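Below: the structure, in structure tokens.
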Amino acid sequence: MRAWLERVAKNLEMAGAIVWMAFMAGIGLALGVSLVIAVVSKHAHAETVPPQAARFKADLTRCARVHWGLEAPVATFAAQIHQESRWNPNAVSPVGAKGLTQFMPATSAWMGNVDPELTANQPFNPGWALRALSAYDKWLWDRVQASTPCDRMAMALSAYNGGLGWVQRDKALARQRGADPLEWFGSVERFNAGRSAAASRENRGYPRLILLTLEPLYVQAGWGRGVCHDDLR
């Protein structure tokens, strides 16, 4: 897992450099972002759905439908779990996030407020973790507005990674600077309302990797629809 994370970091570092060079050369932000997508997409070709993911597919589908209905974007959630733990139910991050869905202890303990079935607070229990991820994503989704479902999910994922308050502040800053606060890609994602540079880079990479790189991988593998990709086959 460490080697995979290092590869992701290297791709993101390269992507940031490309945007900066494009800006300095007068190429423009749009082309810079396109180049970033190309770099990150190249990483997708090195990724595959891990064999251990299959044992969680039915449970993830069931848990996702509890909060999102029959049209739940299961491929999106599968991509998120891939990014969080690479399907390791015993994963523990250096900062203390736990389980398949890498909940921090405070968030894990609070999840009973979102769904009473989650009061047990069992982040290492795959059933609990899968339901918690789908519940928390829906809770965040309901609290952000965007022009498209894809932009809305990007905002929800940014909030999952770094906190809803930061997303709202970034949107306010985007509006203040004349950018569209209802568009994430190429708009709100360009603004940082006060996070450290490292935290901002990680947060911006999180929805891009999930929605633009990993989600299509799971759609193609038959995990159902994604928010940004319904069917790529």
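What follows is calculated from the coordinates using simple rules that are stated; it is not laboratory data. For clarity, every value in this text was computed on a predicted model and none was experimentally measured. No Cβ is skipped: glycine too gets one built from the backbone with ideal geometry, and neighbour counts run over all protein chains shown.
A few points about this structure:
- Summarising the amide proton neighbourhood of residue 103: residues at separation of 5 or more, or on other chains, whose placed amide H is nearer than 5 Å comprise 98.
- For segment 156-163, the Karplus equation 6.51 cos²θ - 1.76 cosθ + 1.60, evaluated at θ = phi - 60°, returns couplings of 4, 5, 4, 5, 4, 6, x, x Hz by residue, with Gly and Pro reported as x.
- Fully extended contour minus Cα-Cα distance, from residue 66 to residue 164, at 0.36 nm per residue: 33.0 nm
- Here the Karplus relation 6.51 cos²θ - 1.76 cosθ + 1.60, evaluated at θ = phi - 60°, turns the backbone of segment 189-194 into coupling constants of 4, 7, 10, 10, 7, x Hz, with x for every Gly and Pro.
- Of the peptides 74-85, 151-162, the order by per-residue mean of other Cβ atoms within 10 Å, starting with the highest, comes out as 74-85, 151-162.
- For residue 187, no residue 5 or more places off, or on another chain, has a built amide H under 5 Å of its own.
- Among 182-189, 107-114, the order from most to least packed when residues are scored by Cβ within 10 Å on average: 182-189, 107-114
- Shape category assigned to segment 149-212 from the gyration tensor of Cα positions, a/c cut at 1.5: oblate
- Rounded, prolate or oblate (a/c below 1.5 giving rounded, otherwise prolate when a/b exceeds b/c) for segment 102-233 by Cα gyration tensor: oblate
- Highest-first arrangement of 52-63, 190-201, where packing means the average Cβ count within 10 Å: 52-63, 190-201
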